Every structure is written in C-alpha cells, then in structure tokens.
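Peer 1: Dumping the structure here so I can ask a few things about it.
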Amino acid sequence: MDKKDNIILAFESSCDETSVAVVKNGNEILSNIVATQVASHQRFGGVVPEVASRHHIEQITYCIQDALDEANIDYEDLDAIAVTYGPGLVGALLVGVAAAKAIAFAHNLPLIPVNHMAGHIYAARFIGEIKFPALALLVSGGHTELVYMPEENKFQIIGETRDDAAGEAFDKVGRVMEMKYPSGKEIDELAKTGKDTFNFPRAMEKEDNFDFSFSGLKSAFINTVHHASQIGEKLDKADLATSFEQSVVDVLSSKTVKALGHFKVKQLILAGGVAANQGLRTRLDKELTAFKDVELLKAPLKLCGDNAAMIGAAGYVAFKHGVRADMTLNAEPSLEFEWMVEK
C-alpha cells in the first residue's frame, strides 16, 4: 500500500446484517463482507432483536478474518477502525462496538465512531465526489429523513417521518400481501405491472414543512385489503402494489423538491435501503431535470442496504476531521443528527 493511503477496517451491526469491510481513502472497497440474517427473521415477518444479536456474535470474528483476507492486508496495514455506534438495535450495535474497540485497543489504532445514517449518505462516495452544500434523502427501514449538509462531515435534519418510516410501511404492506420479509423489492417489481387505481392518501404532502408520515397510508392499505376480504372481493395485487408505491414516491419526491427549492445545494444524494426502489429512482431522475444546477448522486444499488463499506467511507471523512472515540464508546440506539430548526 502507498503510505499516503488511509486504510480503514469498518464494522456495521446495527440491525440484521453483520458486516466488516476494508476501505481505502474512503472511496475504494478492498473487501466488504456481509453475513445476512434474512432467512432467520423471515419466519417472524421482521427482525427479532435478540435473534439478531446472537447471530452477530456468531458471525463477527469470521467476517473480520474474511475481510482482511479478501483485502490481502493485516492489522499493521490499518490506519483506523470505524464502527457504527447508532442508531439501531442496542444489542446488535454492542457486538460491533465491542469488536471494534477490542481491535483498536490491541493494535493501538484510532477508533472512529460513525452514525449509521452518515454511512448511508457517504455510500455515494463510491459513485462520485460529494459536493457541498448538499441535500440527502435518506430512506431506510427505520428512518425517513431529509438531511442538509452545509459542509463535509456536518449533518442537519430538516425533515423526518413523524411515525412509520417508508421502509417500515413497505414491510407491513408486504406482510398483508403475504410476501416474504423483506418485501420491498417484490412490491417494487409488482408495481411495474399495475395501475394506481386505489388513490391512497398522500399524507402531509401539502403541509408547509419537510416532514413525512406513512402510518395513515399503511392503515388505509390494510383497511382496503381487510374490507375486500370481508365482502369476498378479490383485489388486483399489482394495482395494490402500484397504488401503494405511487403514494410513497409522490410524498418523498414532493417533499424533496420542496426542500430543493428552499436550500441552494449542488447535489441531491439518494441513500438508504428504500433508495434501491426503481420507482423512486426514476421519479427523482425526472424531478431533477427542473434543477439544472443540482446533480443527483445515488448510492450504488449493492450498497443501499446495510454494509460496512459505507461505514468505512463515512469513517474516512470523520477520520480526516479528527473525530475519535476512546474505550468508553458505547452503543447509542437513538442516535440522531442535530436539527437545523426547531420542530
């Protein structure tokens, strides 16, 4: 390795993916090992925190060795250790934090604490350089946020969901449609073949803020399906999927467009698990044609889900800015970016 290179070993264990990666200079993946737990949680229709924690414990050491082997490096080649310390499931987070602290201590390496949501944003660094000021639309299983970034390594929430996140709504709707967890991809594929015939609500779309709400949409969907079942009516699944997805995409895009009109930025970053949704990607491509000076930077599809490479990217930026943690670092399951303005 070039001595000018910064090599970071990164850990991600906030939910149901155990991941360890080696990232060079925050934009080159040397390895990215992901041990998924989807099969274990499918029977429950969602993530069971205690089950997730136990799987992390079982997989973490294997993932560390695989990441080092695939990158063809050893501990003496590393410049720092980065780890997700929140938000997420507390038991799951603790596994990654403990492993990262142990390696940092044993090899006298700097320990870099990373906000999981910052990781999602900086996954875009693997596509291109992030230019500031920037706006990020973060759409994941547990979070839906609009984040303003006036400069590198500074994050300010300007809007967030007041109840269910978009990803949660996808999973709950998928359960009603008897789809396997996680159901986002299946709904997205089915939505391509149907029509928006149900006209589900677009909550808070016209309100003068940048916040979201998907609980009402979820309830309207469930009530529609249950009512049809009670009266013996058969609903078209493709039309249901299209109608649901269209409502989500309409709200996400309209709020984002409103924010772009308010904040003068150079880039819009789309990131998070739901950022893989093709309907949303296509819609934002179309909306951004009205903003000639704003570049749309999308996290790569393979890095939209939880992974340690994105933590390595965010960790590199934090490392450059002198962010460090000591051995008292703990999991913070409710960790948030600061708010730009009062709610």
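The values are calculated or read from the model by the stated rules, or taken from the named source; none is laboratory data. Since the structure is predicted, the reported quantities are computational estimates derived from the model, not experimental observations. Every residue, glycine among them, receives a Cβ derived from its backbone with ideal geometry; neighbour counts consider all protein chains shown. Note: areas computed on protein heavy atoms with side chains; ligands, DNA, RNA excluded. Shrake-Rupley method; radii C 1.70, N 1.55, O 1.52, S 1.80 Å.
Peer 1: For Cys304, Cys15, give me the order by solvent-accessible area with a 1.4 Å probe, most accessible first, ignoring ligands, DNA and RNA.
Peer 2: Most to least solvent-accessible, the answer reads Cys15, Cys304.
Peer 1: Assuming 0.36 nm per residue, please report the length gained on full extension of the stretch His321 to Ala238 beyond their Cα-Cα distance.
Peer 2: 25.1 nm
Peer 1: Can you classify region 161-200 as rounded, prolate or oblate using the Cα gyration tensor, where a ≥ b ≥ c are the square roots of its eigenvalues, rounded means a/c under 1.5, and otherwise it's prolate if a/b beats b/c and oblate if not?
Peer 2: Oblate.
Peer 1: I would also like to ask the following. Would you grab the residues whose amide H sits under 5 Å from the one on Asn307? Only those 5+ places off in sequence or on another chain, please, with H modelled 1.01 Å from N.
Peer 2: none
Peer 1: List, in order, the whole-Hz ³J(HN,Hα) value for each residue of region 27-36 obtained from phi through the Karplus relation with A = 6.51, B = -1.76, C = 1.60 and θ = phi - 60°; use x for Gly and Pro.
Peer 2: 9, 10, 8, 8, 6, 8, 8, 10, 9, 7
Peer 1: Next question. Rg over Rh of the chain, using C-alpha atoms and the Kirkwood radius, what does it come to?
Peer 2: Ratio of gyration radius to Kirkwood radius for the chain: 0.98.
Peer 1: While we're here: Can you spot the aspartates and glutamates whose alpha carbon is less than 14 Å from Lys154's alpha carbon? Ignore those fewer than 8 places along the same chain.
Peer 2: Filter leaves Glu336, Glu338.
Peer 1: When Rg is the radius of gyration of the Cα atoms in region 1-93 and Rh is its Kirkwood radius, what does Rg/Rh come to?
Peer 2: 1.03
Peer 1: Turning to a different aspect of this structure: Given H placed 1.01 Å from N in the peptide plane, which residues other than close sequence neighbours of Val83 have an amide H under 5 Å from its amide H?
Peer 2: Here the answer is Phe11, Ile112, Val114, since their amide H atoms fall under 5 Å of that of Val83.
Peer 1: Also: Using alpha carbon centroids, what distance separates region 87-109 and region 125-165, in Å?
Peer 2: So the separation of the two Cα centres works out to 25 Å.
Peer 1: Give the value in nm², to one decimal: projected area of the alpha carbon convex hull of region 176-260, averaged over all directions.
Peer 2: It is 6.0 nm².
Peer 1: Quick one: what are the phi-derived ³J(HN,Hα) couplings along region 83-95, Karplus 6.51/-1.76/1.60 with θ = phi - 60°, whole Hz, x for glycine and proline?
Peer 2: Each residue of region 83-95 in turn: 8, 5, 10, x, x, x, 7, 4, x, 5, 4, 4, 5 Hz.
Peer 1: Just the accessible area per residue of the chain, please: how many Å² with a 1.4 Å probe?
Peer 2: 44 Å²
Peer 1: Cross-link partners among lysines for Lys4, C-alpha distance below 22 Å, same-chain residues fewer than 8 apart left out?
Peer 2: Excluding near neighbours in sequence, the set is Lys24, Lys320.
Peer 1: Here is a follow-up. Which value in nm describes the separation of the simple spin-label points at Phe291 and Ala106, placed 7 Å from the Cα toward the beta carbon?
Peer 2: Between Phe291 and Ala106, the simple spin-label model gives 4.5 nm.
Peer 1: Quick one: net charge around Ile29, please, counting Lys, Arg +1 and Asp, Glu -1 for every other residue with C-beta under 12 Å from its C-beta. Mind showing how you got there, number by number?
Peer 2: Values: positive: Lys24, Arg125, Lys302; negative: Glu28, Glu70.
Local charge sum for Ile29: +1.
Peer 1: Using the structure shown, select from Lys131/Lys185; Lys234/Lys298; Lys192/Lys255 the pairs with a Cα to Cα distance greater than 32 angstrom.
Peer 2: Pairs exceeding 32 Å: Lys234/Lys298.
Peer 1: Quick one: length gained pulling Val90 to Ser254 fully straight, 0.36 nm per residue minus the C-alpha distance?
Peer 2: 55.7 nm
Peer 1: On the principal axes of its Cα set, how long, how wide and how thick is region 253-307? Give whole Å, largest value first.
Peer 2: Between the extreme Cα coordinates on each principal axis of region 253-307 lie 31, 19, 17 Å.
Peer 1: Continuing with the same structure: Kirkwood Rh, region 15-167, all Cα pairs: how many Å?
Peer 2: Final number for the Kirkwood radius of region 15-167 is 16.9 Å.
Peer 1: What is the diffusion coefficient of region 7-57 in µm²/s, taking the Kirkwood radius over Cα pairs and the Stokes-Einstein relation at 4 °C with a viscosity of 1.567 mPa s?
Peer 2: Estimated diffusion coefficient is 109 µm²/s.
Peer 1: Here's a follow-up. Can you compute the modelled spin-label distance between Ser219 and Asp69, with each label point 7 Å from Cα toward Cβ, in nm?
Peer 2: For Ser219 paired with Asp69, the spin-label model returns 5.2 nm.
Peer 1: With Cβ to Cβ distances under 10 Å as the rule, what net charge do the other residues near Leu89 carry (K, R +1; D, E -1)?
Peer 2: Once positives and negatives cancel, what remains is -2.
Peer 1: Rounded to the nearest 10 Å², what accessible area does Met204 show when all protein chains are kept and the probe is 1.4 Å?
Peer 2: 30 Å²
Peer 1: Report, to two decimal places, the Cα Rg of region 205-336 normalised by 2.2 N^0.38 Å (N = number of residues).
Peer 2: On the way: Rg = 19.4 Å, N = 132, 2.2 N^0.38 = 14.1 Å.
Cα Rg divided by the expected 2.2 N^0.38 Å: 1.38.
Peer 1: Expressed as a whole number of Å, what is the distance separating the alpha-carbon centroids of region 1-58 and region 319-335?
Peer 2: Comparing the Cα centres of region 319-335 and region 1-58, I get a distance of 18 Å.
Peer 1: Tabulate in residue order the Karplus-calculated ³J(HN,Hα) for region 298-308, using 6.51 cos²θ - 1.76 cosθ + 1.60 with θ = phi - 60°, rounded to whole Hz; enter x for Gly and Pro.
Peer 2: Once rounded to whole Hz, the list reads 9, 4, x, 3, 6, 10, 6, x, 5, 7, 7.
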